[in-house]
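Reviewing the structure listed below.
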Amino acid sequence: MPRVARADALTSLFAGTLGASLMVTSSENIGISRLTGVRSRFVTAAAGGLLVAVGLLSPLSRAVAGLPPAVVGGSALVVYAVIAVMGVQMLARSEPAERSHSMIAALALAVGLLPIVAPHLYDGFPGWIRTLLGSGVVAGTLAAVLLHALFAVADRPRSTTGSPTGTASGVTAAPEAGDS
């Protein structure tokens with residue numbers, strides 16, 4: 001996964017020098033891999049070759065452009081639904097019962113939904129803030145990363161030096177029932 005992210009970043013940097021759009025493909029690839037069960041890099045390379053051929057051969061480009069929007073939209077809906085399910089599965093593995101984890105997930109989701117629920121919320125802000133926070137994915141991700149860092153600092157164990165009982169708060173735990 002880190003190599004895919006680095007490859008996306010390098011491709012985006014190269015595309016930016018040529019005035020092209022950013023390359024963000026890793027989540028779609030992960031969703032399609034999960035959906036089809038195919039995880040071969042050769043299949044990915046062959047699909048890339050097909051995309052290059054479609055781009056260079058105009059009859060193929062016209063055939064692809066002739067696909068009904070409902071077909072393209074429906075397949076995209078399925079892929080992104082699979083990605084959403086994978087996100088829920090990741091959340092389930094992250095100890096959601098822990099207060100800080102559930103708080104991070106809830107607040108990141110709320111911040112991510114703000115641009116959709118209130119599309120004009122950031123209209124009075126400078127352009128660079130609108131660019132960052134105007135995308136629900138970016139805003140939710142930034143909120144999750146910042147909240148995780150904040151909770152990590154707040155939940156860090158305190159130093160036990162100076163405490164007469166060896167605990168951070170100076171209070172020892174009560175004995176369990178049946179202990180003597």
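Return yes or no: is Ser12 surrounded by 11 or more Cβ atoms within 10 Å (Cβ to Cβ), under 26 Å from the mean Cα position of the chain (by Cα) and at pLDDT 85 or above? The answer is no for Ser12. Among the candidates Ile129, Ile116, Ile104, the residue that is in a helix (DSSP H, G or I) and either among the small types (Gly, Ala, Ser) or surrounded by 13 or more Cβ atoms within 10 Å (Cβ to Cβ) (or both) is uniquely Ile104.
The values are calculated or read from the model by the stated rules, or taken from the named source; none is laboratory data. What you are looking at is a predicted structure, and each value in this text was computed from that prediction instead of being measured. Quick reminder, even Gly has a Cβ in these numbers, built from the backbone with ideal geometry, and neighbours come from all protein chains shown.
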